[in-house]
Structure formats: structure tokens, C-alpha cells
Amino acid sequence: MIISRTPYRISLFGGGTDYNKWYESNNGVVISTSINKYSYITIRKANNFFDYHSKIIWSVIEEVENNNQIKHPVIKEILKYYKYTHGLEIHHDGDLPARSGLGSSSSFTVGFLNSFHTLIQKKINKMNLTKEAIFVEQKLLKESVGIQDQIQVSFGGFNLIKINKNGNFDLIKFKNNNYLKKIKDHMLLFYTGISRNSSNIAGITINSISKKQNNLRRIMEIANEAKRLIDSESNMIFLGELLDETWTLKKDLHKNVSNSIINNAYAIAKKNGALGGKILGAGGGGHL
């Protein structure tokens with residue numbers, strides 16, 4: 001049995017600049033960190049003693065006669081792409097709810113690819129794992145997604161991700177661990193209780209990029225400013241203020257990014273001493 005554990009992530013600065021509609025003309029910059037909450041996948045070859053060919057347990061339990069009948073979109077498309085017909089038993093568990101802005105979809109895709117490659121004894125490094133996950137989500141599933149999540153959950157750590165116009169990227173790990181711990185000690189994570197399809201909201205946001213060029217440019221500038229503050233271990237107040245400005249710009253990308261529940265929660269947090277914050281992922285719900 002193969003067991004994989006893939007982290008979820010929190011994106012702090014630069015979100016939106018990782019959509020190809022933006023970075024292909026302007027590059028992209030994201031600051032993101034993985035967290036100690038995970039997507040777990042177990043996978044093994046099924047034997048012939050059971051009534052099913054493959055069994056997949058996620059939010060539903062699937063027992064199918066052949067792999068083409070699998071409903072889970074990521075598993076189905078990957079097995080189809082690799083023309084893999086052998087029976088499998090696959091089980092997924094997540095530490096936190098899906099569709100909640102923590103990159104859980106990419107964590108699942110990366111985790112399943114990692115497990116599957118191990119099962120078929122095909123070595124894959126983090127770079128190729130990232131590229132395959134992007135290919136699966138953007139090309140096979142045709143989802144409206146950026147590329148920061150696949151990068152972050154494949155490599156882990158607290159990173160600056162610089163995205164080039166051709167889609168290649170440079171990953172720079174922040175190494176001032178005491179300051180990074182200080183940042184994490186100043187952060188709180190709240191679940192709004194709202195689950196949403198990030199691809200749908202992201203699609204709307206992507207379509208508005210041409211009208212919101214100034215927002216994305218400033219979001220990029222803020223990400224670079226945040227890098228300088230982290231490198232120089234500046235006062236946490238300045239980072240909080242940048243995060244607050246990022247949220248204002250993100251909300252302005254499209255009305256679906258926020259709602260009254262999120263706005264009220266944010267206002268309460270600010271009233272009680274928060275310096276800044278943001279909804280994670282595409283918006284509309286999930287984690288704050």
C-alpha cells in the first residue's frame with residue numbers, strides 16, 4: 001500500500017498574478033506557505049476476490065466494474081491519460097473541508113499523482129510533479145485555475161514564487177525561521193462555513209482581469225514589498241497593512257470574491273485588533 005501526505009497552503013500575497021491570462025503578459029509573484037494540515041491518499045492494486053474492479057472512497061464510495069466508470073474527476077482523468085486499467089483501491093482523507101480556499105484540490109491532484117507514480121514505479125521529482133498537476137487541472141479537467149497551488153503543495157515551505165511569462169517559475173525559500181515563526185504566531189485561520197467551487201469563481205475573476213489591470217499591478221507590487229519586509233524582518237504592522245490593502249484590491253476584482261458574511265467577519269476582526277487579512281483562494285467562502 002502506498003500512502004501519501006500532501007500539505008494544504010495559505011497564499012498571503014500576489015494571488016491572481018498566477019493566472020496565465022495575467023502572467024503571460026506581465027509575469028507573476030506570489031508569497032505562499034504550506035501548513036500542517038494535509039490531504040492523505042492511500043492506493044494499492046485491488047485483488048480479484050471482490051465483486052468490484054476498483055474501489056474509490058472519498059466523499060462518496062465508488063465500486064466500479066472498470067476504471068472508465070470512476071466518477072472522481074482527477075482519478076478518472078489520470079488513469080485514462082496513462083491508459084491504466086488494473087483495478088485499484090483508493091482512499092482519501094482530508095484534515096480540513098474541501099472547497100475552502102486552502103488549495104485542497106491541488107493537494108489531492110499532487111498527492112494522487114505522487115502515489116500513482118510510486119505505484120507504477122515511475123520516479124518523479126517535485127518539478128515534474130508540479131507540471132503534471134498543472135496539466136491535469138488545466139488541460140485534462142479544463143478548470144479555471146492558477147498555478148501557485150500546485151507549486152506550493154509540491155515543494156512545501158514558506159516561499160516566494162516568481163512566475164515567468166512562459167509559465168516557468170523560480171521558487172525562493174525564505175530561511176529566516178525565527179521571523180517566519182513570528183509571522184505564523186500573528187495569524188489566525190477561520191472557516192466561514194461556506195463551501196464553494198473555486199474554479200467557477202476563478203473563471204469570473206479571470207474574465208475581469210483585462211478590466212482590472214491596475215489592481216493586479218498593485219497586487220504584484222505589494223508582493224515584492226512584502227518580500228523586502230520579510231527579508232529585513234520588519235515590524236509586523238507593515239505586513240498587516242499590506243495584507244489589508246491586498247484584500248481591498250482582491251475584493252474589487254469581482255463582486256463574487258466576497259459577500260456580507262465575509263465582510264462582517266473581517267470587520268469584526270479589524271475591530272478586535274487585526275491588522276489585515278484576506279479570504280483564501282478564489283474567494284466567495286472558505287477560510288479567512
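The values are calculated or read from the model by the stated rules, or taken from the named source; none is laboratory data. These numbers come from a predicted model, not from an experiment. Quick reminder, even Gly has a Cβ in these numbers, built from the backbone with ideal geometry, and neighbours come from all protein chains shown. Keep in mind that these areas ignore ligands, DNA and RNA; they rest on the heavy atoms of the full protein, side chains included. Shrake-Rupley method; radii C 1.70, N 1.55, O 1.52, S 1.80 Å.
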Take the range 226-273 and flag every residue that is open to solvent by less than 30 Å² (accessible area, probe 1.4 Å) and assigned to a loop (DSSP other than H, G, I, E, B).
Ser234, Leu253, Ser258
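Kindly establish whether Thr130 is more than 20 Å from Gly14 (Cα to Cα) and crowded, with 18+ Cβ neighbours inside 10 Å. Spell out how you get there, then give the answer.
Working: more than 20 Å from Gly14 (Cα to Cα): no; crowded, with 18+ Cβ neighbours inside 10 Å: yes.
Judged against the criteria, Thr130 is not a match.
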Meets criteria (of a type in the set (Ser, Thr, Tyr) and either modelled with pLDDT of 90 or more or not in a helix (DSSP H, G or I) (or both)) for Ser210:
no
Filtered residues of the range 103-127 (kept if touching a helix residue (DSSP H, G or I) at 6+ places or on another chain (Cβ under 7 Å), closer than 20 Å to Thr33 by Cα and open to solvent by less than 20 Å² (accessible area, probe 1.4 Å))
Gly103, Ser106, Ser107, Phe108, Thr109, Val110
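From Phe108, Phe112, grab the single residue that is at pLDDT 95 or above, under 13 Å from Pro7 (Cβ atoms), among the hydrophobic types (A, V, I, L, M, F, W, C) and in a helix (DSSP H, G or I).
Of the residues listed, the single one that is at pLDDT 95 or above, under 13 Å from Pro7 (Cβ atoms), among the hydrophobic types (A, V, I, L, M, F, W, C) and in a helix (DSSP H, G or I) is Phe108.
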So which residues in the range 59-81 are among the β-branched types (Val, Ile, Thr), open to solvent by 10 Å² or more (accessible area, probe 1.4 Å) and in a loop (DSSP other than H, G, I, E, B)?
Val60
Give me the pairs: first residue in the range 145-168 and under 9 Å from Tyr23 (Cβ atoms) and at pLDDT below 95, second residue assigned to a loop (DSSP other than H, G, I, E, B) and β-branched (Val, Ile, Thr), beta-carbon distance under 8 Å, and six or more apart or on different chains, which are they?
Gly167/Ile147
Matching residues in the range 7-26 (β-branched (Val, Ile, Thr) and open to solvent by less than 10 Å² (accessible area, probe 1.4 Å)) number 1
Residue match in the range 144-163 (condition: over 15 Å from Ile41 (Cβ atoms), part of a loop (DSSP other than H, G, I, E, B) and open to solvent by 50 Å² or more (accessible area, probe 1.4 Å))
no
Residue check, Arg44 touching a strand residue (DSSP E or B) at 6+ places or on another chain (Cβ under 8 Å), open to solvent by 70 Å² or more (accessible area, probe 1.4 Å) and either under 30 Å from Gly283 (Cα atoms) or at pLDDT 95 or above (or both)
yes
Every residue from the range 115-143 that is of a type in the set (D, E, K, R), in contact (Cβ under 8 Å) with a residue 12 or more places away in the chain and assigned to a loop (DSSP other than H, G, I, E, B):
Glu143
Restricting attention to the range 183-193, which residues are more than 17 Å from the chain's Cα centre (by Cα) and open to solvent by less than 90 Å² (accessible area, probe 1.4 Å)?
Ile183, Met187, Thr192, Gly193
